[in-house]
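The values are calculated or read from the model by the stated rules, or taken from the named source; none is laboratory data. These figures come from a predicted structure and were not determined experimentally. Here the Cβ positions follow ideal geometry from the backbone for every residue, glycine too, while neighbour counts run over all protein chains shown.
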Amino acid sequence: MPKDHGIGASPKRREDIRFLTGAGNYTDDINIHGQAYVHFLRSDVAHGTINSIDASAAEAMEGVLKVFTAKDFEAVGGLPCGWQVTDRFGEAMQEPKHPILAEGKVRHVGDPIAAVVAETPEIARDAAEAIVVDIDELPAVVDMKAALAAGAPKVHDDLTSNLCYDWGFVEENKDAVDEAIKNAAHVTTLELTNNRLVANPMEPRVAIGDYSRGTDEHTLYTTSQNPHVIRLLMGAFVLGIPEHKLRVVAPDVGGGFGTKIFHYAEEAFVTFAAKVVNRPVKWTASRSEAFISDAHGRDHVTKIELALDADNNFVALRTDTHANMGAYLSTFAPSVPTWLHGTLMAGNYTTPLIYVNVKAVFTNTVPVDAYRGAGRPEATFQLERVVDKAARELGVDPAELRRQNFIKPEQFPYDTPVAVSYDTGNYHATLDTGLKMVDYANFEARAAESKARGKLRGIGLAHYIEACGIAPSNLVGQLGARAGLYESATVRVNATGSISVLTGSHSHGQGHETTFPQVIAEMIGIDESQVDIVHGDTSKTPMGMGTYGSRSIAVGGSAMFKAAEKVINKAKKIAAHLMEASEADIELADGQFSVAGTDKSVAWGDVCLAAYVPHNYPLEDLEPGLEETAFYDPSNFTYPSGAYFCEVEVDPDTGAIDILSFNAADDFGNVINPMIVEGQVHGGVAQGIGQAMLEHAAYDENGQLLSGSFMDYAMPRAADVPSFGVDHSCQTPCTHNPLGVKGCGEAGAIGSPPALVNAVIDALHRGGYPVEHIDMPLSPSRVWNAIQSVK
Amino acid sequence: MTEVKMTVNGREVSGDVEGRTLLSTFLRENLGLTGTHVGCDTSQCGACVVHVNGKAVKSCTMFAQEAAGADVATIEGQAGADGSLNTIQQAFQDYHGLQCGFCTPGMVMSAAALLKENPKPTEAEIRNYLEGNICRCTGYHNIVRAIMAASGQDVPAVAAE
């Protein structure tokens, strides 16, 4: 019987009421009296020298308040990068300035050159068209290897080259890995591309700057996953505004998927400009603008080599990756291809020797940063593709080759050769669950049936590992992070026993307002309706690091748990006083404090009232009130894992792929709300299918984004994806956080692309077309051409 | 500026608009009905779907002046007078058919138009009908289930669970 409340139950989401009735409060729904509007004039060439900007006609237009250019930002810092990678030779990465508005050069299509602030959005847009910019177009670098070639045009003239860093991991293992590969019984090699994507949350970015001369306070309303991070980065590193004079509010946010983590120029601009023009300033991105100004995701080119011994045991792994940074370093860009990618290359396997080389490259394209999974999808894709290829080359079942090389349940905690230590997992269990879900045993009969209809049926498997619940601050500090990655929570008990939880986590679709109260309700034994969540406003919540890397429940939930523990411990002292009993004898269950072994009890609400009306209260020992804050810093990452299966039918005449089923067996540790967890997997899998079959941020050789709108960039639509099978019954609880939770936000997007590509390659092989690889997205034309290439 | 008048959610409304003012802009900026969302600028995403004279329309693809005299229904007018969710809204909550909520108004309005045309759609019919509504969060799985439930059909039968 499923639970109907508390941890493990699936109560309906309370936030849905406002979203279903049009009563949500998204940033663009906010209008401040007297607000002006900004329109950014953006570069339409990928690379060029700005000779002059003539804004006189624009400034003369009625309703224009001011035209801003780089000159207005001379006293202001550039956008900071939050992670410094150290290269193979011990040198810091090359870190160019990222100005608010382009200084002297434009470096990608979409780079903002000037900004018009005007009375209406229409006037601002019209005036931006009246600005005359004289640009000498320069040759653009788009392809990463071409960008590294001798004599290539430089994106940043003040850097030595377009190489941001050349990172090796684990550098000391390099020679041993080379030696093991040279001597191996079998080596499987694969070269592949992890296609560039655009996150495209359905709500485009919006920013509103407001300034009060009366109090010298700035407020920024922004579509952010982490308002405190924006306050710190923008206040301390860009504009020089101390925290107590800067409030950042991220109200209802319409999806993030990583791209709303970063501090963007538009946020700093509206905050700065609001003071200059002495009016609130609002910016709302169009979708076309989002395509050329939101940080993109992925864009890796990799060669991977897996070495096996004569018994098919993995003995070594070597990868060589080029990772596109785009034109500037977005907030966390350097960490994605390195510490979020290299550390995952062990996957679920006992491979003893691993070496990862990553060259991060500047190009004349939009900056690239974290997108759902961030580094981990790239790691999983190459690893699960090469394992599949190895199984085919060796003539063994791909599920069995994986099983043979899995870390065994009794080997946990398991130290990988790539720095991370997995606390728990049971890969055999998730694999077995997945095999049952897809009726693997009867696949051959289904394939025969498809064949009779002229179709090629294939089945693909991927078994992923993820490191999330990001992250131990002292560890990431050693690795170059310029931020701590703890989370905070205040549990504020009100006088009659209701509770407000102030959390540094931020919900932009994840349902915190429903799940977080489930935890508190379980701990105290009160109804969930007595608990509310406050998030997304730096003036209300303690400093927290926000939501990304599947960290909300694992890190933010743990902070809340710790704060609630403090509250309960204090409440027990009060209850002991009220019942004239020893504190050690006080028990809390179902919202009642009782004295063990007696029939004495006092209700939660009465204890809370006593805390705030302390007439009968141990004032000499205890302060009045009942409110506690905790900052939780995890001691390790969490490691969700799972088996993803995709079954497809390929039409050999057209190359079209029909997804017949998609099943996911995940181990997320303990699950707070199964309904929400399953929803996260559904969404992640759909994004992974989008990457594998549809989506591609394609640039031409001049640096023009060819797929710059929903007309050209193929977002997955309802008919592109099947209904999904999901299972999270394999639960190995996390050992180092108090809830035993691992996080579920990114898994779907990590496990699904290799499962789908493996299925298509399997179908082609079974149909007599020995295609070794097709780069994503697997469009019908790419599949058809691959078939023709082996005919 | 030209004055335009129409009926929105049963109420007579009017406002001054430019020729280029979109119906979505009129609803959001002139009337403050911010439940209608704008997620793209190429008529693809469907977050702005409203009903104009009973038909589902992308309000970003119609000028406010084209809707002069029309009867317009938006997400704000879907719940009962007492605030209770209608059948489709309730099904979206029951089946977790929304996450960030941004595409949701358009999804609900499109679903209403679908069920008016086709009271018992199959899963494939639902998926094909939603061609003009993009959701980035749910993978559509629970949206399909919600619409199936709202049409009074057996829901577990459509999901691979």
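B:Ala70 falls short on exactly one of the conditions (1) within 10 Å of chain A (Cβ to nearest Cβ); (2) over 15 Å from the mean Cα position of the chain (by Cα); (3) aliphatic (A, V, I, L, M), and that condition is (1). Of the residues making up the stretch A:736-745, just one is in contact with a Pro (Cβ under 8 Å, 6 or more places away or on another chain) and within 14 Å of chain B (Cβ to nearest Cβ), namely A:Cys744.
B:Ala81 - would you say it is under 26 Å from B:Glu12 (Cα atoms) and either at the interface with chain A (Cβ under 7 Å from one of its Cβ atoms) or in a helix (DSSP H, G or I) (or both)? So B:Ala81 fails the test. Could you check the stretch A:191-214 and list, in sequence order, the residues that are outside any loop (DSSP other than H, G, I, E, B) and either within 30 Å of A:Val396 (Cα to Cα) or among the charged types (D, E, K, R) (or both)? Passing the criteria: A:Glu191, A:Leu192, A:Thr193, A:Asn194, A:Asp210. Within the stretch A:677-690, the set of residues being facing chain B (nearest Cβ under 7 Å) and β-branched (Val, Ile, Thr) comprises A:Val685 only. Taking residues in the stretch B:74-100 that are under 18 Å from A:Ser10 (Cα atoms), and partners anywhere that are surrounded by fewer than 18 Cβ atoms within 10 Å (Cβ to Cβ), the pairs with Cβ atoms closer than 6 Å and at least 6 places apart or on different chains are B:Gln93/A:Lys12. Elements of the type helices (runs of 4 or more DSSP H) sitting completely within the stretch A:76-190 and holding at least 1 residues that are over 30 Å from A:Asp311 (Cα atoms), in the same structural domain as A:Ala285 (by TED's automatic domain parsing) and at pLDDT 95 or above: these cover A:121-129. The condition (being of a type in the set (A, V, I, L, M), more than 14 Å from chain B (Cβ to nearest Cβ) and out of contact with any Leu (no Cβ under 6 Å at 6 or more places or on another chain)) is satisfied by just one residue among A:Val187, A:Val198: A:Val187.
Per-residue answers, yes or no, for (1) assigned by TED's automatic domain parsing to the domain that holds A:Ala399; (2) within 41 Å of the chain's Cα centre (by Cα):
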| site | (1), (2) |
| --- | --- |
| A:Ala589 | no, yes |
| A:Ser601 | no, no |
| A:Gly605 | no, yes |
| A:Leu619 | no, no |
| A:Gly625 | no, yes |
| A:Glu628 | no, yes |
| A:Pro640 | yes, yes |
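Residues in the stretch A:708-735 that are over 20 Å from A:Gly434 (Cβ atoms) and without any contact (Cβ under 8 Å) to a residue 24 or more places away in the chain were compared, and the one that is farthest from the other protein chains (Cβ to nearest Cβ) is A:Asp712. Which numbered condition in (1) within 7 Å of chain A (Cβ to nearest Cβ); (2) out of contact with any strand residue (DSSP E or B) (no Cβ under 9 Å at 6 or more places or on another chain); (3) over 19 Å from A:Asp252 (Cβ atoms) is the only one that B:Cys137 fails? Condition (3) is where B:Cys137 drops out.
Quick check on A:His728: is it more than 26 Å from B:Arg145 (Cα to Cα) and surrounded by fewer than 24 Cβ atoms within 10 Å (Cβ to Cβ)? In short, no. Against the test of being within 30 Å of A:Thr351 (Cα to Cα), over 26 Å from the mean Cα position of the chain (by Cα) and touching a residue at least 24 places away in the same chain (Cβ under 8 Å), the options A:Phe272, A:Phe314 yield a single qualifying residue, A:Phe314. Within the stretch A:1-60, the set of residues being assigned to a loop (DSSP other than H, G, I, E, B), touching a Leu at 6+ places or on another chain (Cβ under 8 Å) and of a type in the set (Gly, Ala, Ser) comprises A:Gly22 only. Within the stretch A:427-447, is even one residue buried (at least 20 other Cβ atoms within 10 Å of the Cβ) and part of a strand (DSSP E or B)? No: the stretch A:427-447 contains no residue that is buried (at least 20 other Cβ atoms within 10 Å of the Cβ) and part of a strand (DSSP E or B).
When the stretch A:114-136 is filtered for residues that are buried (at least 22 other Cβ atoms within 10 Å of the Cβ) and out of contact with any helix residue (DSSP H, G or I) (no Cβ under 8 Å at 6 or more places or on another chain), only A:Ala124 remains. Restricting attention to the stretch A:15-67, which residues are within 14 Å of chain B (Cβ to nearest Cβ) and either within 30 Å of A:Asp157 (Cα to Cα) or aromatic (Phe, Trp, Tyr) (or both)? Residues satisfying the conditions are A:Phe19, A:Tyr26, A:Tyr37, A:His39. If we scan the stretch A:478-496, do we find a residue that is closer than 30 Å to A:Val85 by Cβ and free of Cβ contacts under 8 Å to residues at least 40 places away in the same chain? Scanning the stretch A:478-496 turns up at least one residue that is closer than 30 Å to A:Val85 by Cβ and free of Cβ contacts under 8 Å to residues at least 40 places away in the same chain. Of all residues in the stretch A:58-112, how many are surrounded by fewer than 19 Cβ atoms within 10 Å (Cβ to Cβ), closer than 18 Å to A:Asn364 by Cα and among the β-branched types (Val, Ile, Thr)? Number of matching residues: 0. Candidates are the residues of the stretch A:473-497 that are buried (at least 20 other Cβ atoms within 10 Å of the Cβ) and outside any strand (DSSP E or B); the one that is nearest to the chain's Cα centre (by Cα) is A:Leu485. Taking the stretch B:1-54 as the range and being among the basic types (Lys, Arg), surrounded by fewer than 21 Cβ atoms within 10 Å (Cβ to Cβ) and either facing chain A (nearest Cβ under 9 Å) or in a loop (DSSP other than H, G, I, E, B) (or both) as the test, only B:Arg20 passes.
So that you can scan it fast, the table gives a plain yes or no per residue for (1) surrounded by fewer than 24 Cβ atoms within 10 Å (Cβ to Cβ); (2) over 21 Å from the mean Cα position of the chain (by Cα):
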site: A:Pro280; (1), (2): yes, yes
site: A:Gly297; (1), (2): no, no
site: A:Gly326; (1), (2): yes, no
site: A:Thr331; (1), (2): no, no
site: A:Trp339; (1), (2): no, no
site: A:Leu344; (1), (2): no, no
site: A:Arg372; (1), (2): no, no
site: A:Ala379; (1), (2): no, no
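Of the strands (runs of 3 or more DSSP E) contained entirely in the stretch A:215-310, those carrying at least 1 residues that are in contact with a strand residue (DSSP E or B) (Cβ under 6 Å, 6 or more places away or on another chain) and in the same structural domain as A:Tyr713 (by TED's automatic domain parsing) fall at A:300-308.
Is there a residue in the stretch A:563-576 that is out of contact with any Gly (no Cβ under 7 Å at 6 or more places or on another chain) and over 21 Å from A:Arg492 (Cβ atoms)? Yes, some residue in the stretch A:563-576 is out of contact with any Gly (no Cβ under 7 Å at 6 or more places or on another chain) and over 21 Å from A:Arg492 (Cβ atoms).
The condition of being at pLDDT 95 or above, farther than 25 Å from A:Asn195 by Cα and hydroxyl-bearing (Ser, Thr, Tyr) holds for only one of A:Thr343, A:Thr380, A:Thr351, that being A:Thr351. Taken together, the residues in the stretch A:7-26 that are in contact with a Lys or Arg (Cβ under 9 Å, 6 or more places away or on another chain) and either among the small types (Gly, Ala, Ser) or in the same structural domain as A:Ile672 (by TED's automatic domain parsing) (or both) amount to 3.
Checking each residue in the stretch A:346-375 for being more than 19 Å from A:Gly469 (Cβ to Cβ) and part of a loop (DSSP other than H, G, I, E, B) picks out A:Thr350, A:Thr351, A:Pro352, A:Thr363, A:Asn364, A:Thr365, A:Val366, A:Pro367, A:Asp369.
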